[in-house]
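Visitor: Before I ask anything, let me first share the structure, which is written out below as structure tokens.
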Amino acid sequence: MHIEPFFVEQWMNAHETRATWNIAETCVDSLRLDELLSLSGDADGVLRRLRETRLGYGDIIGSPGLRAAIAALYGERIGAENVLVANGAIGANFLALYALVEPGTSVVSVQPTYQQLFSVPEALGAEVRVLRLRAGDGYLPDPERLRALTDDRTSLIVLNNPNNPTGALIDEPLLREIVAVARERDAWLFCDEVYRKLEHEPGTTAPSVADLYEKGVSSGSMSKSYSLAGLRAGWIAGPPEVIERCLEVRDYTTISCGVLDDALATVALEHLDAVLERSLQIVRGNLAVVDAWLAREPRLHCVRPRAGTTALIRYDYQLSSVDLCQALFDCNGAFVVPGIAFGEEHSFRLGYACDRETLVGGLAATSEYLRTLEA
Ligand SMILES: Cc1ncc(COP(=O)(O)O)c(C=O)c1O
């Protein structure tokens, strides 16, 4: 089986530990264990329970408490029995795609997005058709263009909402139109929803495909919106037959996700409001910093993100995105991801959910480098 190298992960691995200004990261500035314990309001109680925990495999598919807390992120269609815990969203995506993709069928995936979402179906023997999201459409999928890419062989449509790298947000009316296209083909609709709950406009929540469609399957994790990537706790939420198929695959890849990760993820979701309040304060405040910076950089252009932690920034300079990002890194250690990782040349992905000091320093360092291109 051939699988394309995962560009964005390779780029991150090669640079992130050496970066002076890491403004490529997609997680909200990670919580320390101590901070999570304080947010719980019962640090002593949580620590006591952790000390008493037996370090066996624990609940194989995720503890009942964790699965119930995850189910509560969805509507009535999703109960704890519709949830399977996986090794991060990356593990959840792999399991779901392995379970849903049939070789010889066609899969339509949006692009730009996280490469796993189309490279895995391709490796599994599907014909992948790309629905390219366009800046002029606010990087939103056009249901008519989507419909035109489907046919009788289409078994799966893949979305990422909110989107990495653009921060675009598919709202409920548009998602319902996409569901209608999937239903016409009796296709599965899989959506990576790892940035859900990080909507910038107060009162806006990204809808979930698992709530809107009987063949909708959602993935999520503790990494991004909840600032807890170190827990490696993700999930799949969907209809029982998908959960069963994922379980068959999961037996070969994952025994359990670790009792300590499970326990801490449960604590975080039980104190969801406090965790999200912190995350939203960071992303909303930092996006205002990015807005002000972009206003001073006339050769940079961006469709303003509506959710998530990233923005895709297009530039008017004559360098390839790899050359620009590498030269920037070499110039002063400012670290961003080349747009080509998302099939978008002459752009880079900025991750703006880091601590404020890193963001401000990283943007200043980027400007300093851009000036050298103009000299
Ligand atoms: C869209 C998307 N899905 C999945 C992942 C993997 O996240 P996790 O840490 O939950 O495995 C990422 C990480 O960048 C992502 O951006």
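Visitor: Which condition does Leu140 not pass, out of (1) more than 20 Å from the chain's Cα centre (by Cα); (2) buried (at least 17 other Cβ atoms within 10 Å of the Cβ); (3) closer than 21 Å to Pro173 by Cβ, if it passes all the others?
Guide: (1)
Visitor: Regarding the stretch 282-293, can at least one residue be identified that is touching a strand residue (DSSP E or B) at 6+ places or on another chain (Cβ under 8 Å) and either within 12 Å of the ligand (Cβ to nearest atom) or over 30 Å from Glu35 (Cα atoms) (or both)?
Guide: No, the stretch 282-293 contains no residue that is touching a strand residue (DSSP E or B) at 6+ places or on another chain (Cβ under 8 Å) and either within 12 Å of the ligand (Cβ to nearest atom) or over 30 Å from Glu35 (Cα atoms) (or both).
Visitor: Here's a follow-up. Can you pull out every residue in the stretch 316-357 that is within 13 Å of Ala24 (Cβ to Cβ) and in a loop (DSSP other than H, G, I, E, B)?
Guide: The answer is Gly333, Val336, Tyr352, Ala353, Cys354.
A quick yes/no check of all residues on (1) over 30 Å from Thr366 (Cα atoms); (2) among the polar types (S, T, N, Q); (3) surrounded by 20 or more Cβ atoms within 10 Å (Cβ to Cβ); (4) within 17 Å of the chain's Cα centre (by Cα):
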{"residue": "Tyr226", "(1), (2), (3), (4)": "no, no, yes, yes"}
{"residue": "Ile236", "(1), (2), (3), (4)": "yes, no, yes, yes"}
{"residue": "Pro240", "(1), (2), (3), (4)": "yes, no, no, no"}
{"residue": "Cys246", "(1), (2), (3), (4)": "yes, no, yes, no"}
{"residue": "Ile255", "(1), (2), (3), (4)": "yes, no, no, no"}
{"residue": "Ala274", "(1), (2), (3), (4)": "yes, no, no, no"}
{"residue": "Gly285", "(1), (2), (3), (4)": "no, no, no, no"}
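Visitor: I'd like the residue in the stretch 81-94 that is in a helix (DSSP H, G or I) and within 12 Å of the ligand (Cβ to nearest atom) and, out of all such residues, is farthest from Leu228 (Cα to Cα).
Guide: The qualifying residue farthest from Leu228 (Cα to Cα) is Phe94.
Visitor: May I ask you to verify whether Tyr114 is more than 16 Å from the ligand (Cβ to nearest atom), within 30 Å of Ile282 (Cα to Cα) and touching an Asp or Glu at 6+ places or on another chain (Cβ under 7 Å)?
Guide: No.
Visitor: Can you pull out every residue in the stretch 103-129 that is crowded, with 16+ Cβ neighbours inside 10 Å and either in a loop (DSSP other than H, G, I, E, B) or of a type in the set (Val, Ile, Thr) (or both)?
Guide: Thr105, Val107, Val108, Val110, Pro112, Thr113, Tyr114, Gln115, Val120, Leu124, Ala126, Val128
Visitor: If you don't mind, there's one more thing I want to ask. Just checking: which of the helices (runs of 4 or more DSSP H) contained wholly in the stretch 184-278 hold 2 or more residues that are more than 16 Å from the ligand (Cβ to nearest atom), in contact with a helix residue (DSSP H, G or I) (Cβ under 7 Å, 6 or more places away or on another chain) and of a type outside the set (Asp, Glu)?
Guide: The helices (runs of 4 or more DSSP H) meeting that bar are 240-250, 259-270.
Visitor: Let me ask something additional. Cβ-Cβ below 8 Å, separation at least six or inter-chain, first residue in the stretch 62-83 and over 12 Å from Thr266 (Cβ atoms), second among the hydrophobic types (A, V, I, L, M, F, W, C) and part of a loop (DSSP other than H, G, I, E, B): which pairs?
Guide: Cβ pairs passing all conditions: Ala71/Ile78.
Visitor: Among (1) over 25 Å from the mean Cα position of the chain (by Cα); (2) surrounded by fewer than 15 Cβ atoms within 10 Å (Cβ to Cβ); (3) of a type outside the set (Ser, Thr, Tyr); (4) not in a helix (DSSP H, G or I), there is one condition Glu4 misses while meeting the rest; what is its number?
Guide: (1)
Visitor: Answer yes or no as to whether Ala206 is farther than 30 Å from Asp291 by Cα and either out of contact with any Asp or Glu (no Cβ under 7 Å at 6 or more places or on another chain) or at pLDDT 95 or above (or both).
Guide: No; evaluated as a whole, the condition is false for this residue.
Visitor: Still on this structure, please answer the following. List the pairs whose first member sits in the stretch 118-133 and is in contact (Cβ under 8 Å) with a residue 12 or more places away in the chain, whose second member is assigned to a helix (DSSP H, G or I), and whose Cβ atoms are under 6 Å apart, counting only residues at least 6 apart or on separate chains?
Guide: Between residues of the stretch 118-133 that are in contact (Cβ under 8 Å) with a residue 12 or more places away in the chain and residues that are assigned to a helix (DSSP H, G or I), the close pairs are Val120/Leu97; Pro121/Leu97; Val128/Phe118; Val128/Pro121; Val128/Glu122; Arg129/Leu149; Leu131/Leu146; Leu131/Leu149.
The values are calculated or read from the model by the stated rules, or taken from the named source; none is laboratory data. The model shown is predicted, which means the values in this text are computed figures rather than measured ones. Don't worry about glycine lacking a Cβ; one is built from the backbone with ideal geometry, like all the others, and counts go over all protein chains shown.
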